[in-house]
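The values are calculated or read from the model by the stated rules, or taken from the named source; none is laboratory data. Keep in mind that what you see is a predicted model, and the values were worked out from it rather than measured. When we count neighbours, we look across all protein chains shown, and the Cβ atoms used for this are built from the backbone with ideal geometry, even at glycine. Accessible surface is based on the protein model in full, side chains and every heavy atom, while ligands, DNA and RNA are left aside. Shrake-Rupley method; radii C 1.70, N 1.55, O 1.52, S 1.80 Å.
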Amino acid sequence: MKKTPVPADIVGYDASNFRKSITINAGSKQGVKPNDIVVSDNALVGKVTTVSGRSSVVQLITDPAARIPGRVVQTREQVIVEGNATAFCKLKYAPRWAQLKKGDDIVTSDIGGLYPPSLPIATVVENELKSGALFQSVKVLPRVNISKIESVLVITN
Amino acid sequence: MRWLTFLCILFCISLFQSTQMHWINLGPAVPDLYFPLVVFYSFLTDMKRNTFANWLTGMSKDLFSEGSFGINSVFFIATGFFIWSFREMLYRGHLVTQILITFIFSFIYNVVYAIHLAISFHSLCLSETIWMIFCCSLYTAMSVPVLFWIFGRFQPTQKLFFIQG
């Protein structure tokens, strides 16, 4: 499967405070399709949700609807990275026995087939283990600071 | 009420909100320029015009936002109706009233929107969301003096002071 990167500039941001998406100036005419993944600085930014002729909407990893299969590099635990409309994300289903610590890296997992494996997503900044809980509560910081980037690469299949 | 002026204002707000507001964010919070427009027209116009103006404002926000299409229209129409229904009790021409009403209703609107999101996606953190709602509402209310002055330049605002109903 050949993957071709399409460079694009960010031309718009979401009008709502609770949704995190960007509009880029590459669309179907440049070969962009829904579910193509978007990267910047060698890290995951999000995935394309809506495509028109010369522009597309990208759902960011911090969007509350975003769920990305991930893996902790240091412990190899399988997790789900979930956006929550802030600058941070949460790890879902991080087992309570996982030895997570601040600075651990989270990368994409190819489970589901949407994302390529081993693409950096985020870094662990805080984890808490509540008594009786099945899973840890883990806060992660995305590798890409969305507010600082101006252009992205869309990886088209 | 001049509809052409309203549509021009709405167009400019949509452009600013989706391209420029990002540069003046406070953490995750950016001012919602649509909301002062809802409050302004709820203060200014009668029920029918108010509902239609708020519907257009909500649709415009829906167009530039991810999520269920029409959700902002419903929320803006409801908010506009509540403000319109008790506006006679308020001294609408006073800046403090305008700021307070914008803050209170923006807070309520954001809480309802956050509840809708929490039900849909189960992924919001309570403490961070409440803090973000507070920051957004405060930031939106702070933009009221400038925005109301701009809206007032283009629309007949004497109704805010003298005409009842």
* To do: Considering every residue within region A:58-70, establish whether at least one is surrounded by 15 or more Cβ atoms within 10 Å (Cβ to Cβ) and more than 26 Å from B:THR129 (Cβ to Cβ).
  => no
* To do: State the number of residues belonging to region A:71-90 that are buried (at least 18 other Cβ atoms within 10 Å of the Cβ), touching a Ser or Thr at 6+ places or on another chain (Cβ under 8 Å) and not acidic (Asp, Glu).
  => 8
* To do: Tell me which residues, restricted to region B:119-128, are outside any loop (DSSP other than H, G, I, E, B) and either at the interface with chain A (Cβ under 7 Å from one of its Cβ atoms) or among the aromatic types (Phe, Trp, Tyr) (or both).
  => B:PHE121, B:GLU128
* To do: Test A:LEU91 against the criterion of being among the hydrophobic types (A, V, I, L, M, F, W, C), within 19 Å of A:THR4 (Cβ to Cβ) and more than 11 Å from every other protein chain (Cβ to nearest Cβ), and give yes or no.
  => no
* Would you point out the residue of region A:1-27, among those that are touching a strand residue (DSSP E or B) at 6+ places or on another chain (Cβ under 8 Å), away from every other protein chain (no Cβ under 14 Å) and over 27 Å from B:ILE71 (Cβ atoms), that is surrounded by the most Cβ atoms within 10 Å (Cβ to Cβ)? => A:ALA26
* Structure fact -> Residues of region B:1-13 being surrounded by 13 or more Cβ atoms within 10 Å (Cβ to Cβ) and either within 14 Å of chain A (Cβ to nearest Cβ) or in contact with a Lys or Arg (Cβ under 6 Å, 6 or more places away or on another chain) (or both), in sequence order, are B:MET1, B:LEU10, B:ILE13
* Can you tell me which residue in region A:28-48 is farthest from B:LEU124 (Cα to Cα), limited to those that are within 14 Å of another protein chain (Cβ to nearest Cβ) and open to solvent by 30 Å² or more (accessible area, probe 1.4 Å)? -> A:PRO34
* Asked: What are the residues in region A:119-135 that are surrounded by fewer than 20 Cβ atoms within 10 Å (Cβ to Cβ) and in contact (Cβ under 8 Å) with a residue 24 or more places away in the chain, if any?
  -> A:LEU119, A:PRO120, A:VAL125, A:GLU126, A:ASN127, A:LEU129, A:ALA133, A:LEU134, A:PHE135
* Please verify whether region A:70-80 includes one or more residues that are more than 28 Å from A:LEU129 (Cβ to Cβ), of a type in the set (A, V, I, L, M, F, W, C) and within 14 Å of chain B (Cβ to nearest Cβ). => no
* Structure fact -> Among helices (runs of 4 or more DSSP H) entirely within region B:14-118, at least 2 residues that are under 21 Å from B:ARG2 (Cβ atoms) and within 14 Å of chain A (Cβ to nearest Cβ) occur in B:34-44, B:47-63
* Structure fact -> Residue count, region B:100-120, condition of a type in the set (Phe, Trp, Tyr) and open to solvent by 40 Å² or more (accessible area, probe 1.4 Å), comes to 2
